[in-house]
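The values are calculated or read from the model by the stated rules, or taken from the named source; none is laboratory data. The structure displayed is predicted, hence computed values, not measured ones. Don't worry about glycine lacking a Cβ; one is built from the backbone with ideal geometry, like all the others, and counts go over all protein chains shown. Just the protein is used for accessible areas: all its heavy atoms, side chains included, with ligands, DNA and RNA removed. Shrake-Rupley method; radii C 1.70, N 1.55, O 1.52, S 1.80 Å.
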Amino acid sequence: KGKLSAVTVAEGRLFVARIDAHEVVAIHADNGKEAWRFTTGGRVDSPPSIRDGRVYFGCADGWVYCLRAKDGVMAWRFRAAPSDRLITVFGQLENSWPVHGAVLVQNDTAYVVAGRNTYVDGGLTMTTLNPATGEQLTVTSIQHLDAETGKQTGTEKGRSFDMEGVLADILSGNGNQVFLKSM
């Protein structure tokens with residue numbers, strides 16, 4: 001019941017997020033029975049990424065989670081959001097900087113983006129992590145700044161519906177570069 005993300009198939013299992021239930025569920029591919037389920041602190045709106053026996057996903061609570069694929073036990077979690085500021089979105093609590101989209105694991109680095117878009121709340125924050133430990137490697141702020149004032153653009157009156165900013169979205173990579181929607 002409720003909305004489901006797309007399915008990721010790996011390790012002999014199907015992995016899916018129950019979006020509004022705040023859960024990631026693993027199902028045995030051979031018999032369709034539930035292997036495990038993990039409840040988070042917010043909505044999980046994208047399918048998890050699977051690599052080396054681990055399940056990676058971002059959550060609207062501002063955290064990135066890493067679980068063991070075999071049993072759903074948490075290996076680590078990392079707060080990608082710059083703070084724990086919570087707001088109400090569609091009747092549910094979320095961090096002001098949710099982690100939307102799947103975690104990209106490329107060249108032994110996990111990439112995650114927290115935030116809504118480059119125009120609000122200080123923009124987006126892209127963090128790279130060690131996928132084995134959750135240790136932060138780098139953090140980059142992505143925002144639109146006015147060249148003259150140095151302030152974040154898009155906050156002035158009359159601009160709320162014609163912003164060209166970058167939205168937080170599913171990351172993709174080609175082995176050398178990482179792409180975020182139009183970047």
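Annotation: LEU4 carries an accessible surface of approximately 100 Å², with a 1.4 Å probe and no ligand, DNA or RNA atoms counted. Fully extending the segment from ASP108 to THR140, taken as 0.36 nm per residue of separation minus the present Cα-Cα distance, adds 9.7 nm. Charge dipole of the range 53-114 (Cα centre as origin; +1 on each Lys and Arg Cβ, -1 on each Asp and Glu Cβ, all else neutral): 140 debye, rounded to the nearest 20.
Provide the solvent-accessible area of MET126, counting protein heavy atoms only and rolling a 1.4 Å probe, rounded to the nearest 10 Å². In the full protein context, MET126 sits at about 40 Å².
Taking all protein chains together and rolling a 1.4 Å probe, HIS22 ends up with roughly 40 Å² accessible.
Under the simplified labelling scheme, the ARG68-ASP20 pair shows an inter-label distance of 3.4 nm, with each label point 7 Å from Cα along Cα→Cβ.
A 1.4 Å probe run over the range 1-56, with the rest of the protein chains in place, finds 51 Å² accessible per residue. Close amide H pairs (under 5 Å, H built 1.01 Å from N) link VAL178 with no residue at least 5 positions away or on another chain. When the Cα centres of the range 122-143 and the range 57-73 are compared, how far apart do they sit, in Å? Between the Cα centres of the range 122-143 and the range 57-73 lies a distance of 16 Å. A simple packing score, the average count of other Cβ atoms within 10 Å per residue, orders the peptides 56-62, 128-134 as 56-62, 128-134, with the highest score first.
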